[in-house]
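Okay, so here's the structure we're looking at.
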Amino acid sequence: MDTDVQLTERDPSPAPDQGPDQGSRFARFTARPAGLRHRPVTLLALCLAFVLLLSAFVAQPFLIPSSSMENTLQIGDRVLVNKLAYRFGTEPARGDVVVFDGTGSFVHREQGENPVTGLLRATGAALGLARPAETDYVKRVIGIGGDHVTCCDERGRIEVNGEAVREGYLHPGDAPSSVTFDIVVPEGKLWVMGDHRARSSDSRDHLGDPGGGTVPVDKVIGRADLITWPVSRWRTLSAPIPAAAGSRG
């Protein structure tokens with residue numbers, strides 16, 4: 001009976017062909033896949049955090065939501081907005097295409113949005129995958145602080161400081177403006193207009209609002225420097241000076 005028991009008992013000592021640490025090696029080997037499974041998730045989270053930080057402080061992709069800047073920018077274009085363009089003492093110049101927050105200038109009411117939906121939309125917008133906030137606009141700077149901007153001269157052109165604006169970027173068939181105006185842009189403000197004047201809600205539409213349609217410089221998010229998508233439209237956005245403007249006044 002004792003002999004039978006001894007024959008069926010398992011010897012816990014390592015087999016002769018195994019080293020003393022063979023068991024621990026096997027345990028480490030089998031444990032690796034579990035650890036590796038978490039690495040892609042961690043790397044993805046780190047990459048997303050980096051892209052969001054880059055978008056918040058350096059450069060942000062911006063999805064064009066409307067036709068107000070055609071043909072320069074078309075619906076669905078993604079432009080790269082340079083958020084450092086005006087951070088170090090430089091201010092927007094005539095001809096710059098800028099993205100700005102229209103709260104207080106173009107928008108004078110609260111924009112209600114579900115917090116969760118708002119967070120998802122903001123994240124998508126920061127990556128250039130979703131429409132921007134309804135308070136964000138993209139327009140071209142026509143007048144800067146101190147400029148005297150009028151419309152129109154005898155040939156139907158906008159004038160800046162008495163000089164006619166040469167607007168080669170206008171949408172074909174559009175007049176410079178169907179609205180007459182005469183304004184001296186306050187210091188620290190901008191007069192902005194879309195390139196597709198027939199379809200652009202811009203400074204002209206807010207002449208009777210506080211600020212007279214001008215946009216505070218400190219509401220500018222950044223300068224649109226480059227069309228990044230679609231690839232067929234990949235090019236830089238030049239900043240033509242829309243007038244051989246003389247001294248401001």
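Annotation: extensible slack from Leu207 through Phe181 equals 8.5 nm (criterion: 0.36 nm per residue apart, minus Cα-Cα distance). Residue-wise HN-Hα couplings along region 171-185, as the Karplus relation 6.51 cos²θ - 1.76 cosθ + 1.60 with θ = phi - 60° gives them from phi, are 4, x, x, 7, 7, x, 5, 9, 10, 8, 7, 8, 9, 9, 6 Hz; Gly and Pro carry x. In terms of the Cα gyration tensor, with a ≥ b ≥ c the square roots of its eigenvalues, is region 135-220 rounded because a/c is under 1.5, prolate because a/b exceeds b/c, or oblate? Verdict is oblate for region 135-220. Within the shell defined by Cβ-Cβ distances under 10 Å, the residues around Arg140 carry a net charge of -2, with Lys and Arg each +1 and Asp and Glu each -1.
Throughout, read-outs are computed from the coordinates displayed, never taken from laboratory work. A quick note: this is a predicted structure, and the numbers were derived from the prediction, not measured. Backbone-built Cβ (ideal geometry, glycine too); neighbour counts: all protein chains shown.
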